[in-house]
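Heads up: the structure comes next, in structure tokens.
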Amino acid sequence: MADDSSDEEQTVAKDIVVTKYKMAGDMANKILRNLISQCVAGASVRDLCEAGDMQILEETGRVFKKEKEMKKGIAFPTCISTNNCICHFSPLRTDPDYTLQEGDVVKIDLGVHIDGFIAGVAHTLVVGASKDKPVTGPKADVIKAAYLAAEAALRMVKPGNENYEITDVIQKIAESFNCQPIEGMLSHQLKQNVIDGEKSVIQNPNENQRKEHEKCEFEVHEVYAVDILMSSGEGKGREQETRTTVFKRQMDKVYQLKMKASRAFFSEVNNRFATMPFTLRLMDDEKKARMGVVECVNHELLTPFPVLFEREGEFVAQFKFTVLLMPNGNIRITEGPYDPDVIKSEHEVTDEKIKAVLSSSANRKAAKKKKKKASKQAEGQVEEATKAP
């Protein structure tokens, strides 16, 4: 049996890796549903973000307890962005909070990892909506467009297909609903400890982005986080006054920090989060973290994830899932509970080719019997991992 501690890249060709991805996915799905149930009028976005992060740490803390060196936990901190806020809103305790209101379009985005194997998920809901009180108008249009674009992408991210085929389909679906994908947003390949792999799908690229963004072909045993962000407006993100709170290590950058606060902060980041995105809210001393992060960003040791906004009065919807590209079909390990009876758009996809894609099955073929033995071994390892010490 191969030594998992070697430099050999760990991929979903190994059953134990698939199992770790699935474990992380199950946790992400469970936490997402818990947060959805708490998205009611009067709820605090900051409290919900904190609750999401704490649940990720609790759930991942229950598995592989004997593996003291194994990293696990938050792969992307819980962000809850409403209405025209596109992404990455996860306020600190010292930042202005936001209280959810009836009719708000709410995007929940989070990620979980087990041993560096990442499961990301995002979902959009409308506060107070139900089958008896369905979503209509531009809110319904943008949510349904984003959802169908994600469903089409799921069926197209498969070995042999190219990334720009998906870019074009996302654009066509958006136009069917009088919407625009958010310009330049990327869906990345995932690898162990890498949330932003080299291969990616770009949506709604501008002229320069289309020239610079590399074409690629999907291959078996790859993993992708497919992230669709759709706008009822022009599809361009812009920063406002809202503080950036989510950051990630730039692993290829080195700099000798001058400030003591910066060195202490950067050391804590390395020890606790390594290669994964994190929120300043989780640092031991939030005030010192706000001081220390400045020098780290200025010298490119950290990449910021800024809070982006569409124009006031527009709505943005997001759906993200993680998918494993296996020899006998894709395995989607994360998704939210979308209910078409709650989202009532007057628009539909009209392109016959895209309609055919959407009507095709996304389920994988039956697994071959020879894989069962390896799967049983992986299951045995997981049973051992989840036992109480």
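Overview of results
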| item | result |
| --- | --- |
| Residue of Ser262, Ser359, Ser345 that the Gaussian network model of the chain assigns the largest fluctuation, springs spanning Cα pairs under 10 Å | Ser359 |
| Cα gyration tensor shape of the chain, rounded if a/c is under 1.5, else prolate or oblate by comparing a/b with b/c | rounded |
| Cα-only radius of gyration and Dmax that characterise region 218-338, units Å | 18.2, 53 |
| Nearby aspartates and glutamates by direct alpha-carbon distance to Lys211 (threshold 19 angstrom, same-chain neighbours under 8 apart not counted) | Glu162, Glu165, Asp168, Glu183, Glu198 |
| Label-point separation in nm, Lys287 to Glu9, each point 7 Å along Cα→Cβ | 4.6 |
| Cut-off under 5 Å, modelled amide H: who pairs with His221 long-range | Leu325, Met326 |
| Dipole of the chain, positive direction: furthest Cα of Cys49, Gly313, His113, with charges on the beta-carbon | His113 |
| Value of relative contact order over region 252-329, rounded to a whole percent, pairs C-alpha under 8 Å and six or more apart | 34 |
| For region 158-173, 3J(HN,Hα) per residue [Karplus equation, 6.51 cos²θ - 1.76 cosθ + 1.60, θ = phi - 60°, Hz, x = Gly/Pro] | 8, x, x, 7, 10, 4, 6, 4, 6, 3, 5, 5, 4, 5, 5, 5 |
| Long-range HN-HN contacts of Asp104 with modeled amide H, under 5 Å | Val127 |
| Simple Cβ-charge dipole of the chain, Lys/Arg +1 and Asp/Glu -1, about Cα centre, in debye nearest 20 | 1240 |
| Most mobile listed residue (His221, His188, His113) in the chain, GNM with C-alpha springs under 10 Å | His221 |
| Subset of Lys144/Lys320; Lys30/Lys320; Lys131/Lys353 violating a 22 Å alpha-carbon distance limit | Lys131/Lys353 |
| Assigned charges on the beta-carbon of Lys, Arg, Asp, Glu; region 148-223 dipole about Cα centre (debye) | 120 |
| Phi to ³J(HN,Hα) by Karplus 6.51 cos²θ - 1.76 cosθ + 1.60 over region 122-132, Hz, x for Gly, Pro | 9, 8, 10, 9, 10, 4, x, 6, 7, 4, 7 |
| Whole-number percent relative contact order across the chain, with pairs defined as alpha carbons under 8 Å at least 6 apart | 24 |
| Over region 292-365, relative contact order from alpha-carbon pairs under 8 Å, at least 6 apart, % | 22 |
| Dipole of region 243-283 [Lys/Arg +1, Asp/Glu -1 at C-beta], most positive-end residue of Ala264, Phe278, Met251 | Ala264 |
| Isotropically averaged projected area of region 20-85, using the convex hull of Cα atoms (one quarter of hull area), nm² | 5.0 |
| Size of charge dipole - region 212-319 - debye, nearest 20, with Cβ of Lys, Arg +1 and Asp, Glu -1, no other charges | 800 |
| Separation between Cα centres of region 62-118 and region 286-358, rounded to whole Å | 12 |
| Isotropic mean projected area of the C-alpha convex hull, region 10-139 (nm²) | 9.7 |
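Throughout, read-outs are computed from the coordinates displayed, never taken from laboratory work. None of the values given here were measured: they were computed from a predicted structure. Neighbour counts are summed over all protein chains in view; Cβ atoms, including those assigned to glycine, are modelled from backbone coordinates with ideal geometry.
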